[in-house]
Amino acid sequence: MEKISSFQVDHTKLNPGMYLSRIDQGVVTYDIRFCKPNGGVYLENAGMHTLEHLFATYARNSEYKDHVIYVGPMGCRTGFYLLTLGLSHQDAIRLVQQSMAFISTYEGEIPGATEVECGNYREQNLSSARRYAASMLQVLEGYTVKQLEYRR
Ligand SMILES: [Zn+2]
């Protein structure tokens, strides 16, 4: 089988940030890297799970909601995927900045964290999710469209 394009990015040269991964029939995939690949520090599962619930909830209620196709974690636990349709890169950056700002100070119940709504509702960690979001918010401060480029 052919190597898919996301495996062709040199993961040894990657730093935390938001990157344009691919565009398929107008659907744009962004990689939001929270951790340096193979850096020895990864998103811990419970915090990543909570971040997923809050990120998806925020994005799907935001002014950009009609352009959000998917939000979800990477299996390697270094980041998240965001898939959009019909959204400018600038607005995609803004959406992630706003999502991280929201999560970094979130208090209260984790949306969707019940046995009926989630596949592993007990595995949640809001304080980790807040910490991850705060660190990404810092990384994305003043982020430009040019910085979305993966250097291959
Ligand atoms: Zn869940």
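The values are calculated or read from the model by the stated rules, or taken from the named source; none is laboratory data. Just so it is clear, the model here is predicted, and its values are computed rather than measured. Every residue, glycine among them, receives a Cβ derived from its backbone with ideal geometry; neighbour counts consider all protein chains shown. Keep in mind that these areas ignore ligands, DNA and RNA; they rest on the heavy atoms of the full protein, side chains included. Shrake-Rupley method; radii C 1.70, N 1.55, O 1.52, S 1.80 Å.
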### Message
One residue is enough: does the range 68-76 have a residue meeting the conditions within 16 Å of the ligand (Cβ to nearest atom), farther than 27 Å from residue 9 by Cα, surrounded by fewer than 20 Cβ atoms within 10 Å (Cβ to Cβ) and of a type outside the set (A, V, I, L, M, F, W, C)?
### Response
no
### Query
Just to be sure, is residue 52 touching a strand residue (DSSP E or B) at 6+ places or on another chain (Cβ under 7 Å), surrounded by 15 or more Cβ atoms within 10 Å (Cβ to Cβ) and of a type in the set (D, E, K, R)?
yes
### Query
residue 139 is checked against (1) of a type in the set (Val, Ile, Thr); (2) under 22 Å from residue 63 (Cα atoms); (3) away from the ligand (no atom under 16 Å from the Cβ) and fails just one. What number does that condition carry?
(2)
### Filtered residue count, the range 53-66, keeping only those that are over 22 Å from residue 127 (Cα atoms) and in contact (Cβ under 8 Å) with a residue 24 or more places away in the chain
2
### Message
Looking at the range 95-111, can you tell me whether even one residue there is in contact with a Ser or Thr (Cβ under 8 Å, 6 or more places away or on another chain), over 15 Å from residue 126 (Cα atoms) and open to solvent by less than 10 Å² (accessible area, probe 1.4 Å)?
### Response
yes
